[in-house]
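Here is the structure we will look at, set down as structure tokens.
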Amino acid sequence: MRQTRSAATTGGFYAFAAYLLWGLFPLYFLLLLPSTPWEVVAWRVLLSLVFCVVALSVTRGWGAFARIARQPRLLGWTAAAGILIFVNWTVYLVATLTGHVIEASLGYFINPIVTVLLGVLVLRERLRRAQWVAIAIAVVAVGVIIVGYGQVPWISLALAFSFGLYGLTKNRVGGTVDAVSGLTLETAWLTPVAAGMLIWVGTGSGLTLGTAGAAHAVLLLLAGVATAVPLLLFAAATRRAPLSLIGLLQFLTPILQFVTGAVILHEAMPTERWIGFGLVWVALVVLSIDSLRAARRTRAAGVGNDVAEIA
């Protein structure tokens, strides 16, 4: 029991650290200006691959990587995951570097609800009443933003669905692909695209690496580490902490992003945005309470089964 609690505590710490780093990403990426989103995402892909290659070498993970690489089904899933995370990274960087941090935060607030919805549409899962209520409230929230703000929150929806589908692809491979091997394959698939983007940027506006000062160059070169570390922390957390705890901690990321956009960057928050965000937060409260109750019932059922087996 003590080992289980210790593992859960450690997992909770890993999850908190991962979500904290993701929540602080807007401040980090803004330091990379005048780099364009296209240059940053390209370096992010290539340097993440370099980091993963080093990590595989240090941890002697090449054997596991080779076993995964020999399975076409897993290669297909990692290619799909790579495309989805590339879309997510690109949209997020465009949002952050063009003054739409609040809209990006809305995407990650909506993401848990999108994940539940994908479970119904793709995995044919059956939802509880409270989950349907949360989805309905979220749909109304998006409608309020569309009507009041005068445009569809494409950034929010693209982030929510790309990351939700990315999570779905990771779910399909389950524990057969470890975090480092998975990220290595995902970034390897994207390497030709990233290289092409650097050539395109270089022949257009010009690459900024090495032209905007030493501090900027160091920060840009750390993009791979900044990308990989929270992903590895998150992977470690999911193996130790209960999903109910991870589900609650995930709100730390969009909260920090929202505060960054509203308080630090002073992005506009008209009334219709407040109403839309308020409805999303209500939906998340409903979803969280329902998830905690479901987890409590599952634990109680497990204890009851253990007692019955002992008897």
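The values are calculated or read from the model by the stated rules, or taken from the named source; none is laboratory data. Note that this is a predicted model, so its numbers are computed, not measured. With ideal geometry, Cβ positions are generated from the backbone for all residues, glycine too; neighbour counts draw on all protein chains shown.
Of the listed requirements (1) part of a helix (DSSP H, G or I); (2) of a type in the set (G, A, S); (3) more than 20 Å from A195 (Cβ to Cβ); (4) touching a Leu at 6+ places or on another chain (Cβ under 9 Å), S57 misses just one: (4). Within the set P230, P254, the sole residue that is within 19 Å of L24 (Cβ to Cβ) and touching a Leu at 6+ places or on another chain (Cβ under 6 Å) turns out to be P230.
Cβ-Cβ distances below 9 Å connect the following pairs, each with a first residue in the range 248-261 that is without any contact (Cβ under 8 Å) to a residue 12 or more places away in the chain, a second residue that is buried (at least 22 other Cβ atoms within 10 Å of the Cβ), and a separation of six or more residues or different chains: V259/G23; V259/S105. Against the test of being among the β-branched types (V, I, T) and modelled with pLDDT under 90, the options I199, I255, I264, I246 yield a single qualifying residue, I246.
Would you confirm whether any residue within the range 68-85 is over 14 Å from the mean Cα position of the chain (by Cα), in a helix (DSSP H, G or I) and of a type in the set (S, T, N, Q)? Within the range 68-85, one or more residues are over 14 Å from the mean Cα position of the chain (by Cα), in a helix (DSSP H, G or I) and of a type in the set (S, T, N, Q). When the range 129-173 is filtered for residues that are exposed (fewer than 14 other Cβ atoms within 10 Å of the Cβ) and either in contact with a helix residue (DSSP H, G or I) (Cβ under 7 Å, 6 or more places away or on another chain) or at positive phi (or both), the ones remaining, listed by number, are G150, V152.
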